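Coordinate-derived values only; no laboratory data. For clarity, every value in this text was computed on a predicted model and none was experimentally measured. Because the Cβ atoms are built from the backbone with ideal geometry, glycine has one as well, and the counts that use them run over all protein chains shown.
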Amino acid sequence: MESLNVMVVDDEPGIRSGVSRILKNFTVSYPFMDTDIKFNVIETSTGEEAIEIVKNQKIEIVLLDNKLPGIHGTEVLEYISKNNPEILVLMITSYASLELAVKATNNGAYDFIPKPFTPQELKSALENVSKHIFLRGMTRKMNREGKEIRYQFLSVLSHELKTPLNAIEGYLRIMQEKQAGNDITSYNQMIDRSLHRVKGMRNLIMDLLDLTKIKLEKKNEKLELVCVGEIAQLAIEAINPYAIQKDVSIKLSDKENIKYNADPCDLEIILNNLISNAVKYNIDKGKVNIDLKSENDKIKILVKDTGIGLSKEQTDELFREFYRVKNEQTKHIAGSGLGLSIVKRIIDLYKGDIKIESKIGLGSTFIVTLPM
């Protein structure tokens, strides 16, 4: 049986002893785990002592109260995030401090537990964090062995969905407690932000499913002769409402009526990603030109935009999983960072190639070449 060291940092003796009693004989077990997990609880009442323990002992999980004598819990969290990022911190907070808890999760905390909490709520939180630790370790082990298995995606998924879920829960708690009063319009911003988070999570899940499917499947069936221009037109229609908002014009040129032997879903993913990116990262009143043509027993798909452009360093990283260009111009653009890595994998399956020609402030051209 594996043991995890849990440090509870709280100046209330009742909270510390309660956590110790609840976890004393508690174990976590999942069908995909080859051993159960139990917990060794270490108690401390101050942030200063907590930092010393972290320096001298192996700690996997920290249950951290914010209101402590001496340094606050957020300062302990800052130290752990900087010096021991492998440690997963769960903030213990009152319902009145939920906004602080949500902020803490954005600053490195894994999750938060509102108090007073029941034994079952504490156990449920420890089950989730233990599963994350197990999957994280499994992913690293398989990476060392050179294997790519879906456990990797489970680990990434749990990490990437954690922050938006915590934020949504925080907003719902604030609304449940009516902390902003009884006027429903006072909560409009929280509702809008929650819906934005939900949309981002949905996109991430769909991208992960696409990426997992591509990794596991071989392209030896589902192939048919398809009209590339028709699929491009469907992609344009899908992004057109957003293009209209930005006053971005989209032009498609398919003079040769290009046809290609492929899985239609693969071409749809390629064109959807390239055309939607060309619109999203474009300037207002910009242009997107899509050119389909054949050349030396190959077909070429060129997607050219008048957008913000990319540096050489950015283009080198662009097809890496979860990579996103981060600057003032892109911080409000939602995305999973998986779209172009999926595009690259599909193109590789067809033994094709994708190149980028780009300059900062002058736009980008994505050139896809596929052998006939």
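Here the Karplus relation 6.51 cos²θ - 1.76 cosθ + 1.60, evaluated at θ = phi - 60°, turns the backbone of the stretch 245-251 into coupling constants of 4, 8, 6, 9, 8, 10, 10 Hz, with x for every Gly and Pro. Considering every alpha-carbon pair of the stretch 4-77, the percent of pairs per 5 Å bin, from zero through the bin containing the longest distance, is 3, 17, 25, 22, 16, 9, 6, 2, 0. Give me the base-10 log of I(q)/I(0) for the stretch 224-371 at each q in 0.16 Å⁻¹, Debye formula, one uniform scatterer per Cα, rounded to two decimals. Per q value, in the given order, log10 I(q)/I(0) is -0.84.
Measure up Lys246/Lys355; Lys24/Lys131; Lys141/Lys300; Lys131/Lys355; Lys141/Lys359; Lys24/Lys178 against 29 Å on the Cα-Cα distance and list the ones that go over. As for pairs spanning more than 29 Å Cα to Cα, those are Lys141/Lys300; Lys131/Lys355; Lys141/Lys359; Lys24/Lys178. Near Val198, once Lys and Arg are set to +1 and Asp and Glu to -1 for all other residues with Cβ below 13 Å from its Cβ, the sum equals +2. Here the stretch 224-371 is treated with +1 on each Lys and Arg Cβ and -1 on each Asp and Glu Cβ, and its dipole about the Cα centre works out to around 460 debye. With each label modelled as a point 7 angstrom along the Cα→C-beta vector, the Lys67-Asn188 pair spans 3.4 nm. Judged by the mean number of other Cβ atoms found within 10 Å, the most tightly packed of the peptides 340-350, 117-127 leads the ranking 340-350, 117-127. The simple spin-label model puts a point 7 Å past each Cα toward its Cβ; for Lys58 and Leu223 those points are separated by 5.0 nm. Taking 0.36 nm per residue of separation and subtracting the Cα-Cα distance, full extension of the segment from Ser311 to Asp36 would add 94.1 nm.
Around the amide H of Phe112, modelled in the peptide plane, lie the amide H atoms of Met91, all under 5 Å away and 5 or more residues distant in sequence or on another chain. Karplus-based coupling profile of the stretch 225-230, in residue order and whole Hz: 7, 10, 8, 5, x, 5, with θ = phi - 60° in 6.51 cos²θ - 1.76 cosθ + 1.60 and x standing for Gly or Pro. Other residues with beta-carbon under 13 Å from the beta-carbon of Ile113 carry, at +1 per Lys or Arg and -1 per Asp or Glu, a net charge of -3.
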